[in-house]
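All remarks here apply to the structure that follows.
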Amino acid sequence: MAHDGYDIDEMISAKKIAARIEELAREIEAAFAGTDQLVVVGLLRGSFVFIADLVRVLNLPVEVDFLEASSYGNAMESSREVRILKDLSGEIGGRDVLVVEDIVDTGFTLHHVLRLLESRRPRRLETIALLDKPSRREVDIAATWTGFEIPDEFVVGYGIDYAQADRHLPYIGKVRMTG
Ligand code: HPA
Ligand code: MG
């Protein structure tokens, strides 16, 4: 796919993503077996595609909620300042919670969000990230479940943006600068 100044090369196909989500769903079902209701929390905006696909193959009673945290600055860097732009709509105290993240990079956002949610005393708090870039990590944190580990490449698609573009692509692609 061609853009102004960059091209996108497919890295993980829509088919591979769907197959991996099915596997992850079975692991989540086993981990939360017997739950009265799992609160699935999507971190906006990047997780909107992933959470939609995940909850539709998850055989558990779920509630879907969203939280938007933001870091400032350049699209290629994750700044250290994390702010909550939109908080959860519902309560999570005493409940089973699964946080859904698109990509764990430096780990700052996830670390900050988990600290905030922990303070509300959920019964259980786990995390799932579609992508993990372990080589970029600056905070010691790992998601409970990860879809794919990837090298330090800038990726877009399947909810993930480059300056708010490309979220709608059905696959994960790697950005290659051309300009
Ligand atoms: N793509 C888009 N946003 C990001 C990435 C990426 O690879 N890493 C951290 N934020
Ligand atoms: Mg972004």
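General remarks:
- Test result for Asp132, among the acidic types (Asp, Glu) and either within 27 Å of Tyr171 (Cα to Cα) or touching a Phe, Trp or Tyr at 6+ places or on another chain (Cβ under 7 Å) (or both): yes
- For region 17-53, residues that are of a type outside the set (Gly, Ala, Ser), without any contact (Cβ under 8 Å) to a residue 40 or more places away in the chain and closer than 18 Å to Ile160 by Cβ total 1.
- Complete set of residues in region 39-55 that are out of contact with any helix residue (DSSP H, G or I) (no Cβ under 8 Å at 6 or more places or on another chain) and of a type outside the set (Lys, Arg): Val39, Leu44, Gly46, Ser47, Phe48, Val49, Ile51, Ala52, Val55
- Failed criterion for Thr109 (all others in (1) of a type in the set (Val, Ile, Thr); (2) more than 14 Å from ligand 1 (Cβ to nearest atom); (3) part of a helix (DSSP H, G or I) hold): (2)
- Scan of region 1-47 for residues that are more than 20 Å from the chain's Cα centre (by Cα) and in a strand (DSSP E or B), ordered by number: Ala2, Tyr6, Asp7, Ile8, Asp9
- Ala129 vs. criteria open to solvent by less than 60 Å² (accessible area, probe 1.4 Å), touching a Ser or Thr at 6+ places or on another chain (Cβ under 7 Å), more than 10 Å from ligand 1 (Cβ to nearest atom) and outside any strand (DSSP E or B): no
- Verdict on Thr109 being among the hydroxyl-bearing types (Ser, Thr, Tyr) and in contact (Cβ under 8 Å) with a residue 60 or more places away in the chain: yes
- Matching residues in region 145-156 - criterion: being more than 9 Å from ligand 1 (Cβ to nearest atom) and free of Cβ contacts under 8 Å to residues at least 40 places away in the same chain: Glu149, Pro151
- Subset of region 54-83 (residues that are at pLDDT 95 or above and either open to solvent by 40 Å² or more (accessible area, probe 1.4 Å) or more than 19 Å from Ile160 (Cβ to Cβ) (or both)): Arg56, Val57, Leu58, Asn59, Leu60, Pro61, Val62, Glu63, Val64, Asp65, Phe66, Glu68
- Filtered by the rule that a residue be surrounded by fewer than 16 Cβ atoms within 10 Å (Cβ to Cβ) and away from ligand 1 (no atom under 12 Å from the Cβ), region 157-179 gives His168, Pro170, Arg176, Met177, Thr178, Gly179.
- A single member of Leu117, Leu98 is away from ligand 2 (no atom under 16 Å from the Cβ), outside any loop (DSSP other than H, G, I, E, B) and under 18 Å from Glu29 (Cβ atoms), and it is Leu98.
- Scope region 133-156; condition open to solvent by less than 20 Å² (accessible area, probe 1.4 Å) and within 16 Å of ligand 2 (Cβ to nearest atom); matching residues: Lys133, Ile150, Val155, Val156
The values are calculated or read from the model by the stated rules, or taken from the named source; none is laboratory data. Since the structure is predicted, the reported quantities are computational estimates derived from the model, not experimental observations. So basically every Cβ, Gly included, is an ideal-geometry build from the backbone, and we count neighbours across all protein chains shown. Quick note on the areas: whole protein, heavy atoms, side chains included, nothing else; ligands and nucleic acids left out. Shrake-Rupley method; radii C 1.70, N 1.55, O 1.52, S 1.80 Å.
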